[in-house]
Ligand SMILES: Nc1ncnc2c1ncn2[C@@H]1O[C@H](COP(=O)(O)OP(=O)(O)OP(=O)(O)O)[C@@H](O)[C@H]1O
Ligand SMILES: [Mg+2]
């Protein structure tokens, strides 16, 4: 495999995001700078309402930043320059996004839900469903592929959303609280799948989480507070998980 041209899955500088106008204007992201490296599992932590979902939605191209952002590159693509149509296509090919609220389609079976990213890429329905069933098996739901989302527990629905984000083998997986509804065993299974993704070195995983059970899987932990990245810890053999994070993160 050839070396990727850039070591970054995402690079952000001077990113601002506000909601609303006039006196009701809310400045949510304040000059955010952040790097997500290829080959890494990066975790983004911080109190409720500090802007985590807003930031990852901008990286996934589902939300536009304020004008004047200095740099917003995702997989070497300046996504500010893309039209809405181009960004939809870019996302479909390159990003697996796991929403905080799962966003499964209630009228489709699990296999059909997980097939959606492949169908968007033009894979035939039968082949897509076969691949979807394989990935459902990886998340422990191989025997439920014909069920509908409303027949599942919250943790099972979360695993379907994860299968859907993995099925088309995107280079960047972005997830909002992927293990919040999972027990320890299933959380471990999911983190092993994410570690497999990051091991390929030209892919990356970015996880928003409050779940200190999974911090040990991070290569980098970025802490956010009030719309800013306030601390970044790189974790490796010589830089273990900081004590304050070992004891968990409290909102
Ligand atoms: N579409 C929107 N319109 C107006 N305000 C919004 C919108 N989306 C988010 N906000 C506000 O932006 C702030 C950050 O929200 P965000 O969802 O990014 O927080 P978060 O860090 O993901 O929180 P949580 O941990 O609870 O999910 C909040 O004050 C929220 O009310
Ligand atoms: Mg959120």
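So residue 169 passes all but one of these: (1) without any contact (Cβ under 8 Å) to a residue 40 or more places away in the chain; (2) under 18 Å from the mean Cα position of the chain (by Cα); (3) in a helix (DSSP H, G or I). Which condition number does it fail?
(3)
Among the strands (runs of 3 or more DSSP E) lying completely within the range 187-248, list those that include at least 3 residues that are surrounded by 13 or more Cβ atoms within 10 Å (Cβ to Cβ) and free of Cβ contacts under 8 Å to residues at least 60 places away in the same chain.
228-234
Table: residues versus (1) more than 30 Å from residue 236 (Cβ to Cβ); (2) in contact with a helix residue (DSSP H, G or I) (Cβ under 8 Å, 6 or more places away or on another chain).
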{"residue": "132", "(1), (2)": "yes, yes"}
{"residue": "137", "(1), (2)": "yes, no"}
{"residue": "177", "(1), (2)": "no, no"}
{"residue": "187", "(1), (2)": "no, yes"}
{"residue": "195", "(1), (2)": "no, yes"}
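From 18, 23, grab the single residue that is over 17 Å from residue 204 (Cβ atoms), free of Cβ contacts under 8 Å to residues at least 60 places away in the same chain and more than 13 Å from ligand 1 (Cβ to nearest atom).
Answer to the check: 23.
Given the residues 153, 109, which is the only one that is surrounded by fewer than 16 Cβ atoms within 10 Å (Cβ to Cβ) and either under 27 Å from residue 58 (Cα atoms) or more than 21 Å from the chain's Cα centre (by Cα) (or both)?
Only one candidate qualifies: 153.
Looking at the range 229-246 only, could you name the residues that are under 21 Å from residue 9 (Cβ atoms), more than 16 Å from ligand 2 (Cβ to nearest atom) and out of contact with any helix residue (DSSP H, G or I) (no Cβ under 8 Å at 6 or more places or on another chain)?
231, 232, 234, 235, 236, 239
Please go through the range 117-129 and pick out each residue that is out of contact with any strand residue (DSSP E or B) (no Cβ under 8 Å at 6 or more places or on another chain), surrounded by 14 or more Cβ atoms within 10 Å (Cβ to Cβ) and closer than 17 Å to residue 145 by Cβ.
Within the range 117-129, 118, 119, 123, 128, 129 qualify.
Does residue 58 count as modelled with pLDDT under 95, buried (at least 20 other Cβ atoms within 10 Å of the Cβ) and closer than 29 Å to residue 160 by Cβ?
no
Only residues in the range 117-140 that are free of Cβ contacts under 8 Å to residues at least 24 places away in the same chain count as the first member; pair them with residues that are part of a loop (DSSP other than H, G, I, E, B), Cβ under 7 angstrom, at least 6 apart or cross-chain, and list the lot.
Within 7 Å, the pairs are 133/145.
Looking only at residues in the range 77-104 that are loosely packed, with under 13 Cβ neighbours inside 10 Å and over 19 Å from residue 178 (Cβ atoms), which one is nearest to ligand 1 (Cβ to nearest atom)?
The residue in question is 84.
Which of (1) within 25 Å of residue 191 (Cα to Cα); (2) in contact with a helix residue (DSSP H, G or I) (Cβ under 9 Å, 6 or more places away or on another chain); (3) away from ligand 2 (no atom under 16 Å from the Cβ); (4) without any contact (Cβ under 8 Å) to a residue 60 or more places away in the chain does residue 35 not meet, given it meets every other one?
(2)
Of the conditions (1) out of contact with any strand residue (DSSP E or B) (no Cβ under 7 Å at 6 or more places or on another chain); (2) within 16 Å of ligand 1 (Cβ to nearest atom); (3) assigned to a loop (DSSP other than H, G, I, E, B), residue 178 fails just one. Which one is it?
Failed condition: (1).
The values are calculated or read from the model by the stated rules, or taken from the named source; none is laboratory data. Predicted model only: the values in this text are computed from it and were never measured. Methodologically, a virtual Cβ is constructed for each residue, glycine included, from the backbone with ideal geometry; neighbour enumeration extends over all protein chains shown.
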